[in-house]
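What follows is a set of notes on a single structure, which appears directly below.
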Amino acid sequence: MVTGHVYALTGAVLAGLGLFAFITLRHTLRQLLAINVVGAGIFLILGGLGRGADATDPFPQALVITGIVVAVALTAFGAAMIVRLAEARVATKAATRPDGGKPGP
Amino acid sequence: MTGAFDIILCLMILGAAGIALFVRDALAAIAFFIAFGNLLGLAWLGLDAVNVALAEIALGAGVTGVLLILARARLLALGDDATCADTSAWLRAGALAACAGFVLLLAAAVLSIPPESGLDRAVAPLMPGLGIENRVTGVLLAFRAYDTLLESFVLLGALVAVWSLAPAGVWPGRPADLGVADVPMRRVARSFGRFLLPVALVMAAYLVWAGSDVPGGAFQAGTVLAGGLMVSAIGGAIGLPRSDLPGLRVALVLGPLVFLLIGLAGMGFGGFLVYPEGSAKAAILAIEYSLFLSIGATLALLVAGPNVIGWPDPAGGTDRHSDC
Amino acid sequence: MSWTDLAVLALLGAGLAFYGAGSLGLLRFPDTASRLHALTKADNLGLGLVALAAALHWGSLAVAAKIALVWLFAVIAAGITSQLLARQARLDGTRSHRDGVQP
Amino acid sequence: MADWFTLAAVFLLLSIAVALVRCWRGPGPVERIMAAQLAGTGVIGVAVVLGAARRDAAMLDAALIGTLLAAVAVTAFARSAARPGDRPDGSG
């Protein structure tokens with residue numbers, strides 16, 4: 001088991017774990033976490049397979065750095081949207097049923 | 001000996017990820033996710049990919065952690081404690097089978113590819129032409145400069161997208177005040193902000209300068225700067241700027257714009273993003289120094305989130321929460 | 001095994017001992033304040049000793065200066081975080097048994 | 001001698017695992033963030049030790065960034081938890 005394979009296999013399991021969580025978790029913030037785990041898994045696969053005996057391949061490293069930055073940008077957008085959705089839900093619930101009654105979906 | 005380190009680290013990464021995903025309490029999930037990000041940074045150190053480790057520790061554990069903590073707090077204030085409703089057993093069983101199959105296929109594919117540093121040999125002879133030694137920076141800013149250019153626009157695009165989520169009529173307001181309400185905490189955070197911002201600036205400048213020869217670079221530096229800006233905002237040392245401040249807009253666009261202009265200037269030397277012979281290092285440093293300022297400002301504002309506090313428009317009172 | 005190697009091993013051992021103590025303290029101590037104690041003090045001393053061992057082993061002054069910087073920032077960060085967490089623990093404490101009264 | 005440092009790295013990993021047990025069991029949010037911070041300090045320790053084992057000074061930059069940004073996450077937690085009651089944007 002070469003070092004590269006150990007990390008690449010971890011990446012594969014992480015991708016599967018994240019995918020399973022994305023499917024089964026119902027809350028959007030948790031799904032955002034799950035997507036980040038899938039991304040991290042794929043990055044580890046790329047990095048692991050680029051780890052030769054003597055040196056580490058700079059190409060997967062560059063791709064992964066770009067991937068991490070884009071993942072953070074989209075996580076920020078995802079988090080902002082989730083909070084905005086919650087605010088809209090609270091606003092519509094207050095508007096439709098100010099006296100309590102059946103809570104919104 | 002190194003085998004033991006890698007295997008234990010990988011097991012801990014899987015454990016931290018599993019707990020981060022399936023623990024009930026939202027804050028525990030985020031705390032484990034931050035630990036997961038830190039452990040990933042160690043995985044990249046284990047792979048001797050220090051450039052990526054810097055990015056993972058700074059971005060993965062730092063910025064994403066802060067982002068999720070603030071998002072959870074905002075959801076909590078809206079009465080949503082981000083715990084999951086249980087899904088049906090059928091869905092769970094089906095998803096488990098599908099994902100297990102997916103992992104097995106992926107693992108088989110991964111094991112069939114022998115890890116070797118393939119393109120390292122292709123990149124090595126081209127490095128002296130650039131005048132820099134860090135091959136990852138060489139790939140990022142010279143051989144694959146196109147990807148990095150697009151990436152800097154993606155970051156800007158994400159900020160525009162987050163700003164577009166502001167309630168109608170709040171433009172051009174400010175993001176929610178990040179300040180701490182509790183006075184003793186505000187003082188501690190403010191003094192930490194006053195310490196961290198200059199240190200973050202020096203650290204970021206060092207990372208960009210060193211980035212051409214040793215691991216570092218504009219994105220890692222930008223993240224350190226964003227961390228300093230965030231803490232100063234939380235401590236009240238600096239206020240969050242209005243979105244339409246000209247100075248802010250220049251800072252946000254500076255990096256991508258300089259990158260694009262240098263790329264267009266390359267047309268005279270043979271093609272888009274081709275650096276003139278012999279002055280590649282100067283071009284790369286010019287790009288990186290303008291880029292890290294934009295990235296720092298953009299990441300800090302991405303964490304601050306959409307505008308909430310409207311600006312008293314002299315024409316008509318823009319109330320803060322007009323129903324959208 | 002020259003003298004410096006022995007010193008490096010001794011420092012490394014002591015550093016790891018403090019790290020272990022800090023982690024175990026975080027696990028075994030009864031309440032938040034004492035856990036904070038373990039987190040801030042034991043761990044940073046452990047880091048300091050491990051950093052010293054690494055600096056001695058490395059041998060170059062520039063690297064030793066950078067290691068000292070790492071330890072300095074870690075100590076400053078520990079000071080800041082323990083202040084914030086202790087304050088937060090007290091706020092949670094007052095809020096829990098005097099519910100409804102915002103501090 | 002490098003093997004001793006790699007062994008130290010393994011030991012530090014275990015101390016991070018112990019800290020994460022507290023994060024799992026921690027009753028309140030403060031314990032959880034404390035455990036994440038302890039894991040962060042452990043990661044810094046491993047970065048320094050791994051750097052010594054492989055004589056790679058760049059790993060110290062990773063440790064340096066780790067120290068600065070771990071405290072940023074705790075500051076964000078302190079700010080967000082300081083007033084869970086009302087709306088965080090100060091409308092009270």
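What follows draws every value from the coordinates through simple rules; no lab data is involved. Quick caveat, the model's predicted, so the values are computed rather than measured. In this analysis, Cβ positions are derived from the backbone assuming ideal geometry, glycine residues included, and neighbour counts consider all displayed protein chains.
Distance from the C-alpha centroid of region C:68-91 to that of region B:30-44: 20 Å, rounded to the whole angstrom.
Largest mean-square fluctuation among B:115, B:125, B:306, in a Gaussian network model of chain B whose springs join Cα atoms under 10 Å apart, belongs to B:115.
Given only helices, namely DSSP H runs of n ≥ 4 each adding -39500 (n - 2.57), what is the per-residue ellipticity at 222 nm of chain D, to the nearest 500 deg cm²/dmol? Please list the in-between numbers first.
On the way: 3 runs with 75 residues, N = 92.
Rounded to the nearest 500, the figure is -29000 deg cm²/dmol.
In this structure, the amide hydrogen of residue B:80, modeled 1.01 Å from its nitrogen in the peptide plane, lies closer than 5 angstrom to no residue at least 5 positions away or on a different chain. Of the trypsin sites (Lys or Arg not before Pro) found in region C:6-101, the ones in coil according to DSSP and having at most 12 other Cβ atoms within 10 Å of their Cβ are C:98.
Note on region B:234-274 and region A:3-24: Cα centroid distance 36 Å, given to the nearest whole angstrom. Label-to-label distance for residue C:75 and residue D:25 is 3.2 nm, based on points extended 7 Å past Cα in the beta-carbon direction.
You can think of it this way: the chain between residue B:7 and residue B:104 has 33.0 nm of extra reach, that is 0.36 nm per residue less the Cα-Cα gap. Relative contact order, whole percent, for region B:131-324 stands at 36, derived from Cα pairs under 8 Å and 6 or more residues apart. Of the residues B:226, B:26, B:77, the one that moves most in a GNM of chain B with alpha-carbon contacts below 10 Å is B:77.
Note on residue A:93: aspartates and glutamates with a C-alpha under 16 Å away, same-chain residues under 8 apart excluded, are B:80, B:323.
By the count of other C-beta atoms within 10 Å, a proxy for reagent exposure, A:20, B:269, C:29 are ordered fewest to most as B:269, C:29, A:20. In this structure the amide hydrogen of residue B:308, modeled in the peptide plane, comes within under 5 Å of the amide hydrogens of B:174, B:176, none closer than 5 places in sequence on its chain. Region C:2-53 and region B:133-197 have their alpha-carbon centroids 35 Å apart. Between the helical axis of C:61-97 and the longest alpha-carbon principal axis of chain C there is an angle of about 10 degrees. If one takes the longest principal axis of the Cα atoms in chain C, at what angle in degrees, from 0 to 90 and to the nearest 10, does the Cα axis of helix C:43-58 lie? In chain C, helix C:43-58 runs at an angle near 20 degrees to the longest axis.
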